[in-house]
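Take a look at the structure below.
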Amino acid sequence: MRVNVRLDSDRASKFNYIRQRTNQGVSDIMKVAIDLYYEKLHQESPVKPLQLLRESGLIGCAEGDSDLSVNYKQYLTESLNEKYGDR
């Protein structure tokens, strides 16, 4: 892809400074600048909670009844009765 850019005097000065310090050509400087900008944006992307849970290993790390989310009160009552008896 060919790109044509107009820079204001401040950015032109910065660009020339980069060229002098790095001895790189215009194309190489632009490639590095795009890569750096891309990485910055990529790191700022919001991470979805489900993705975090999957990466942490939390999902699937425990065992339980498949209907636990629906019948948790029944299971809790049974568990407490086994542990403490009917009080």
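Okay, here's what the table says:
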{"item": "Of all accessible heavy-atom area on the chain, the percent that carbon and sulfur account for (1.4 Å)", "result": "52 percent"}
{"item": "The stretch 11-87: radius of gyration and largest Cα-Cα distance (Dmax), Å", "result": "28.4, 83"}
{"item": "Cα-centre dipole for the chain with unit charges at Cβ (Lys and Arg positive, Asp and Glu negative), debye to 20", "result": "900 debye"}
{"item": "Helix-derived mean residue ellipticity, 222 nm - over the chain, DSSP H n ≥ 4, -39500 (n - 2.57), to 500", "result": "-21500 deg cm²/dmol"}
{"item": "The chain: angle of helix 68-84 to the longest principal axis, Cα-based, in degrees nearest 10", "result": "50 degrees"}
{"item": "Per residue accessible area in Å² of the chain, where ligands, DNA and RNA are left out and the probe is 1.4 Å", "result": "100 Å²"}
{"item": "Tilt relative to the chain, helix 26-44 - C-alpha long axis, 0 to 90 degrees, to 10", "result": "20 degrees"}
{"item": "Of Ile18, Ser56, Thr77, farthest towards positive along the dipole that unit charges on Lys, Arg, Asp, Glu beta carbons give the chain", "result": "Ile18"}
{"item": "Coil-residue GluC sites (Glu not before Pro) of the chain, DSSP, other Cβ within 10 Å capped at 13", "result": "Glu63"}
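The values are calculated or read from the model by the stated rules, or taken from the named source; none is laboratory data. All of these numbers come straight from a predicted model, not from anything done at the bench. All Cβ positions, even for glycine, are placed from backbone atoms using ideal geometry, and neighbour counts span all protein chains on display. The protein model used for the area step is the full one, side chains on, heavy atoms only, and it has no ligands, DNA or RNA in it. Shrake-Rupley method; radii C 1.70, N 1.55, O 1.52, S 1.80 Å.
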